[in-house]
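I have placed the structure first, in the form of structure tokens, so that the comments after it can refer back to it.
The values are calculated or read from the model by the stated rules, or taken from the named source; none is laboratory data. On a predicted model such as this, the values are computed, not experimentally measured, just so you know. No Cβ is skipped: glycine too gets one built from the backbone with ideal geometry, and neighbour counts run over all protein chains shown. Just the protein is used for accessible areas: all its heavy atoms, side chains included, with ligands, DNA and RNA removed. Shrake-Rupley method; radii C 1.70, N 1.55, O 1.52, S 1.80 Å.
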Amino acid sequence: ISYNTNNMPHFSKDITPLFELIINNDIIFLQEMFSNFYNRDKYIRLKEFCIKNKYNIVTSDKIKLFSKNWLDGGLMIITKYPILSFGFTNVFSNNIDILSEKGILYCETLINNKSLLLFTTHLQTNYISDKISECQHQQLEKILEYVKYICNKKNTQNFLIGGDFNCDINIKYNLDIFSKIFKNFKKYYPNTPTFEKATIDYFITNNITLEKTSSFNYKKYSDHKPISSHYYI
């Protein structure tokens, strides 16, 4: 499952409904789970949930004391499977998005004795058009570069990427760019919108088949719909 929680800190939101959503999933990608330098309470709450329910968790890097960013990357990967390694790299952003350390988070796991790399990301919005901006284009290329780097480093080509790409895949211009950048990989996205009338949350895989990719209503506290899929290795 992948879910943009819509600025989860809000520092007034109750995190408990999130537990209800993710409890029956083996792999969970979360975006906009922001925290600042002073407040990481939700990380503590989620780690308590993970310990209790035998999940493992990795998160975006903490904000450094003198960082230009106000918020971290807001990314989390939670999984039932063991985590062998993990890492995070940032991507260039502009406009208001520079306040958050946009990037891509990965972890390496093992399923049925087969290595699998999990990635999640949250790209910035194009504030003036529905089409992919130059900044978004650069971010997509940086994601591909990072994925290839980790694949080579870990000596595996099996990966699953899930997240909020902020690019409507139903617009031909965007799909053409995606298909060119991720030309050798499979793309899975629901038939129904994930944000208002746009489909901006989806999965990209290599050597993995997904089935029943869909979005569903879960309007507890986000303007996004979660997306889910079944995976087979």
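On a 1.4 Å probe surface of the protein chains, which of Glu32, Glu196 comes out largest in accessible area, and what is the full order? Intermediate values should be presented prior to the final figure.
Values: Glu32 30, Glu196 150 Å².
Solvent-accessible surface, decreasing: Glu196, Glu32.
Computed over the chain, the alpha-carbon pair-distance distribution with 10 angstrom bins reads 8, 35, 40, 17, 1, each value a whole percent.
Calculated accessible area for the chain comes out at 49 Å² per residue, all protein chains present (probe 1.4 Å; ligands, DNA, RNA ignored). Between amide H atoms placed 1.01 Å from N, distances below 5 Å from Lys102 occur with Val91, all of them 5 or more places distant or on a separate chain.
If you sort Lys52, Lys154, Lys172 by accessible surface, 1.4 Å probe, largest first, the order is Lys52, Lys172, Lys154. Based on the convex hull around the alpha carbon atoms, the stretch 122-211 presents an average projected area of 5.8 nm². Shown is the FRET efficiency for Tyr173 and Tyr218, computed with R0 = 45 Å from the Cβ-Cβ distance and rounded to the nearest 0.05: 0.95. Charges were assigned to the Cβ only: +1 to each Lys and Arg, -1 to each Asp and Glu. The resulting dipole of the chain about its Cα centre is roughly 480 debye. Applying the Karplus relation 6.51 cos²θ - 1.76 cosθ + 1.60 with θ = phi - 60° to the stretch 78-84 yields 3J(HN,Hα) values of 10, 8, 6, 8, x, 9, 8 Hz, where x marks Gly and Pro. Along the axis of the charge dipole computed for the chain (Cβ charges of +1 for Lys and Arg, -1 for Asp and Glu, origin at the Cα centre), the listed residues Tyr146, Asn166, Tyr127 are led at the positive end by Tyr146.
A protection proxy built from the mean count of other Cβ atoms within 10 Å ranks the segments 157-165, 123-131, most packed first, as 157-165, 123-131. Could you list which residues have their amide H under 5 Å from that of Leu75, counting only those 5 or more apart in sequence or on another chain, with H placed in the peptide plane? Sorted by chain and number, the residues that satisfy this are Met33, Ser60.
Determine the share of the chain's accessible area contributed by carbon and sulfur atoms, expressed in whole percent, with a 1.4 angstrom probe. Roughly 51 percent, rounded to a whole number.
So, with +1 on the Cβ of K and R and -1 on the Cβ of D and E, and no other charges, what is the size of the charge dipole of the stretch 104-233 about its Cα centre, to the nearest 20 debye? Walk me through the numbers on the way to the answer.
Values: 16 positive and 12 negative charges, 72 e Å.
Taking the Cα centre of the stretch 104-233 as origin, the dipole is about 340 debye.
Of Lys131/Lys197; Lys131/Lys172; Lys142/Lys180; Lys131/Lys180; Lys148/Lys172; Lys154/Lys180, which sit over 18 Å apart, Cα to Cα? Mind showing how you got there, number by number?
On the way: Lys131/Lys197 14 Å; Lys131/Lys172 9 Å; Lys142/Lys180 14 Å; Lys131/Lys180 15 Å; Lys148/Lys172 26 Å; Lys154/Lys180 25 Å.
Pairs exceeding the cut-off: Lys148/Lys172; Lys154/Lys180.
Please say if the stretch 170-233 is rounded, prolate or oblate, where rounded means a/c under 1.5 for a ≥ b ≥ c the square roots of the C-alpha gyration tensor eigenvalues, and otherwise the choice is prolate for a/b larger than b/c and oblate otherwise? Judged from the Cα gyration tensor, the stretch 170-233 comes out oblate (a/c at least 1.5, b/c at or above a/b). Were the residues from Gln138 through Glu20 laid out at 0.36 nm apart, the gain over their Cα-Cα distance would be 38.9 nm.
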